[in-house]
Amino acid sequence: MFENPSGPWALIVHGGAKEMGPGEEDANRQGVLEALAEGRKILERGGTAVDAVEASIRKLEDLPIFNAGHGSSLNEEGEVEMCSGMMDGRDLSVGAVGAIKGVRNPVSVARAMLGEKETLIVGEGARTFARNKNLPLVNNDALITELRESELAEHDTVGAVALDKGGNIAAGTSTGGLTGAHVGRIGDSPVPGCGFYADNHVGAVAFSGDGETIQRLALAGRVMAALDRGEHPEQAVAKAVAMLPGTGGADADGGGIAISKDGRVGWAHNSPDFAVAMITSDMNEPKAWLGKKEEKNG
């Protein structure tokens, strides 16, 4: 039961830090809006932040325009290996899967891990866990699209963060990984403190971008520390993203979304594009952008 069932709520989702191809703009914008709508329905009726984050990311995984679930990138062997992570700010529960194959929605496997002692399982063990939890399995080839078979390397994890009416916070990520990566590669997406984090007493954050550099910087942890000091989420994320090139080189870009415990929302990126959609209980309708330049010009 919620302690404050009439409290404010907020939800922000993103479709990945990347460079959109010609003609992909509408699909990205519509996709993040559809994902936002799934989570919004849950929050408006008093559902939990965890449920809202899972629902939003499941929609992003189902849309082939995004590098997650159906439409995931292919590794060096031409196979799909996916990663996903979720965190429940109520008790700091973490659920994550890495290099998982043959599941339709990795985020739901990560969600099912929230109640387990372990925080991260990988490979065949992750798929076995999904099967034991009666989660939908698929032929791994069913996750491949023509776009991913021909694309260049990307690092466009999708994600969502939410605050529910009870003041509870959650964060989640999902990715198809990096095109041409070594088999078994795991980036920042399923690693708490790197690609995501959530704590009711502070806020939540989810990143997308150069996974290895995000891990080296423990970027989510840095944002959480900034939020704990009272910084606005947008400022906190912007400062974190600005660190990427200094550690990973000129090509190390990314983006992030965040919510503070009091419902302030922010996002920032230094990647060419970053599709974002957001809605709060104070807004009449959702907003969506393909990057900060569009937000500023709008």
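The values are calculated or read from the model by the stated rules, or taken from the named source; none is laboratory data. Since the structure is predicted, the reported quantities are computational estimates derived from the model, not experimental observations. With ideal geometry, Cβ positions are generated from the backbone for all residues, glycine too; neighbour counts draw on all protein chains shown.
Quick notes on this structure:
- Unique match (being β-branched (Val, Ile, Thr) and not in a helix (DSSP H, G or I)) among Val223, Val205: Val205
- Enumeration of residues in segment 84-106 that are in a strand (DSSP E or B), under 24 Å from Phe66 (Cα atoms) and without any contact (Cβ under 8 Å) to a residue 60 or more places away in the chain: Gly95, Ile100, Val103
Residue-by-condition table, conditions (1) on the phi > 0 side of the Ramachandran plot; (2) buried (at least 20 other Cβ atoms within 10 Å of the Cβ); (3) in contact with a helix residue (DSSP H, G or I) (Cβ under 9 Å, 6 or more places away or on another chain):
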residue: Gly203; (1), (2), (3): yes, yes, yes
residue: Glu212; (1), (2), (3): no, no, yes
residue: Ala220; (1), (2), (3): no, yes, yes
residue: Lys239; (1), (2), (3): no, no, yes
residue: Ile257; (1), (2), (3): no, yes, yes
residue: Asp273; (1), (2), (3): no, yes, yes
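- Near pairs, Cβ below 6 angstrom, 6+ apart or cross-chain, from segment 225-252 (under 19 Å from Phe274 (Cβ atoms) and at pLDDT 95 or above) to any residue that is among the hydroxyl-bearing types (Ser, Thr, Tyr) and surrounded by 19 or more Cβ atoms within 10 Å (Cβ to Cβ): Pro233/Ser260; Leu244/Thr213
- Members of segment 248-262 that are more than 14 Å from Arg216 (Cα to Cα) and either in a helix (DSSP H, G or I) or among the charged types (D, E, K, R) (or both): Asp251, Lys261, Asp262
- Test: residue in segment 237-247 that is charged (D, E, K, R) and either closer than 20 Å to Met87 by Cα or assigned to a loop (DSSP other than H, G, I, E, B) (or both): no
- Checked against (1) part of a loop (DSSP other than H, G, I, E, B); (2) within 13 Å of the chain's Cα centre (by Cα), Val50 passes all but a single condition, namely (1).
- Qualifying residues in segment 109-123 (those that are in contact (Cβ under 8 Å) with a residue 40 or more places away in the chain and surrounded by fewer than 23 Cβ atoms within 10 Å (Cβ to Cβ)) - the one farthest from the chain's Cα centre (by Cα): Gly123
- Selection from segment 22-51 of residues that are within 21 Å of Phe274 (Cα to Cα) and in contact (Cβ under 8 Å) with a residue 60 or more places away in the chain: Glu25, Asn28, Arg29, Gly31, Val32, Leu33, Ala35, Leu36, Ala37, Gly39, Arg40
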